[in-house]
1. What residue, among those in the stretch 196-246 that are in a helix (DSSP H, G or I), farther than 19 Å from Ile119 by Cβ and polar (S, T, N, Q), is modelled with the highest pLDDT?
2. Taking the residues in the stretch 86-111 that are hydroxyl-bearing (Ser, Thr, Tyr) and open to solvent by 30 Å² or more (accessible area, probe 1.4 Å) as candidates, determine which candidate is farthest from Ile41 (Cα to Cα).
3. Could you check the stretch 28-68 and list, in sequence order, the residues that are without any contact (Cβ under 8 Å) to a residue 40 or more places away in the chain and closer than 18 Å to Leu93 by Cα?
4. Pick from the stretch 38-69 the residues that are at negative phi and in a loop (DSSP other than H, G, I, E, B): which of them is modelled with the lowest pLDDT?
5. For the stretch 138-150, name all the residues that are surrounded by fewer than 20 Cβ atoms within 10 Å (Cβ to Cβ) and in a helix (DSSP H, G or I).
6. Residue check, His83 against (1) out of contact with any helix residue (DSSP H, G or I) (no Cβ under 6 Å at 6 or more places or on another chain); (2) within 25 Å of Thr184 (Cβ to Cβ); (3) surrounded by 19 or more Cβ atoms within 10 Å (Cβ to Cβ); (4) not polar (S, T, N, Q), all met but one. Which one?
7. Hey, among Ala218, Ala172, which residue is surrounded by 21 or more Cβ atoms within 10 Å (Cβ to Cβ) and under 19 Å from Ala111 (Cβ atoms)?
8. Among the residues of the stretch 151-169, which ones are assigned to a loop (DSSP other than H, G, I, E, B), in contact (Cβ under 8 Å) with a residue 24 or more places away in the chain and either open to solvent by 20 Å² or more (accessible area, probe 1.4 Å) or aliphatic (A, V, I, L, M) (or both)?
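The values are calculated or read from the model by the stated rules, or taken from the named source; none is laboratory data. For clarity, every value in this text was computed on a predicted model and none was experimentally measured. Neighbour counts run over all protein chains shown; Cβ positions are idealised from the backbone, glycine included. Side chains included, ligands, DNA and RNA excluded: accessible areas come from the protein's heavy atoms. Shrake-Rupley method; radii C 1.70, N 1.55, O 1.52, S 1.80 Å.
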Amino acid sequence: MFKTSTGLVRNVHSQIADRIGMSIIRGEIAPGEVLPSEMRICEMLEVSRPVVREAIRVLAGKGLIESRAKSGTRVRPPEAWSHLDPDVLRWRLASTDVDTYLQKLFALRYAVEPAAAAIAAEAATAEDCAAIGAALAGMDNAADNAAFVEADIAFHKAIYLATRNELFWPIAQMLEISSRQSFTIAAEGDHRKRALAEHRAVFTAIEARQPEAARAAALVLLDSSAGDLEKLRAPAPARTTARTPA
């Protein structure tokens, strides 16, 4: 029932939580289904009962399962899961096809990113602007795609933090995980010069305290990013072979 997940684990109980969590996210254990007993899980995964109990506690804290007296431990419906939790997000990304993942990611980014840029233009401190500017400089000076991606992620995270609104901060942490794949795909394109100019326009508007300009610049950046990914993900055109006239 349980499959090994990719990704790093810190200790035994987190490894067990990782395996059970991935099984739930993949649908191998359906919502409403009862998990095997603690003793059965111990036998299946060859771990001690305290380890299993701690793993169950971790998964319950993430909203994936709930334990009730006499009815066992059941999987909760996806609506109850803590989708901003880093582990839940990682399990979801590992079990979702790339195109579906990108569609959902951009739906979220379109909903919140322009607003975050506008709020940051009003609320950012000097330190916040310095962090955004430093990330932009990191993009400009990146020696390779990996460095560019890291700086790009730092740029967007810094904008969310610059809202000075702690309700935006979990989105920044979530995007740090979820955006890495899309940013890595996009970094393979030949649009870096244009992307830098569009990022700089967002930063300039935030630094100048121009909320609507920041909102508009963020929307332009998103439109371009979505277009770049669409082109990079598009199937290559079929090659045709010229026929020799008879």
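1. Ser224
2. First, pick out the residues of the stretch 86-111 that are hydroxyl-bearing (Ser, Thr, Tyr): 95-96, 100-101, 110.
Applying the additional criterion that residues be open to solvent by 30 Å² or more (accessible area, probe 1.4 Å) yields 95-96, 100, 110.
Numbers: Ser95: 22, Thr96: 26, Thr100: 32, Tyr110: 42 Å.
Among residues in the stretch 86-111 that are hydroxyl-bearing (Ser, Thr, Tyr) and open to solvent by 30 Å² or more (accessible area, probe 1.4 Å), the one farthest from Ile41 (Cα to Cα) is Tyr110.
3. Kept after step one, since they are without any contact (Cβ under 8 Å) to a residue 40 or more places away in the chain, are these residues of the stretch 28-68: 28, 36-43, 46-53, 56-57, 60-61, 63, 66-68.
Matches in the stretch 28-68: Glu28, Gly63.
4. Result: Ala69.
5. So the first thing to find is which residues in the stretch 138-150 are surrounded by fewer than 20 Cβ atoms within 10 Å (Cβ to Cβ), and the list is 138, 140-147, 150.
Those that are surrounded by fewer than 20 Cβ atoms within 10 Å (Cβ to Cβ) and in a helix (DSSP H, G or I): Gly138, Asp140, Asn145, Ala146, Ala147, Glu150.
6. Failed condition: (3).
7. Numbers: Ala172 fails: surrounded by 21 or more Cβ atoms within 10 Å (Cβ to Cβ).
The unique qualifying residue is Ala218.
8. Ala162, Arg164, Asn165, Phe168
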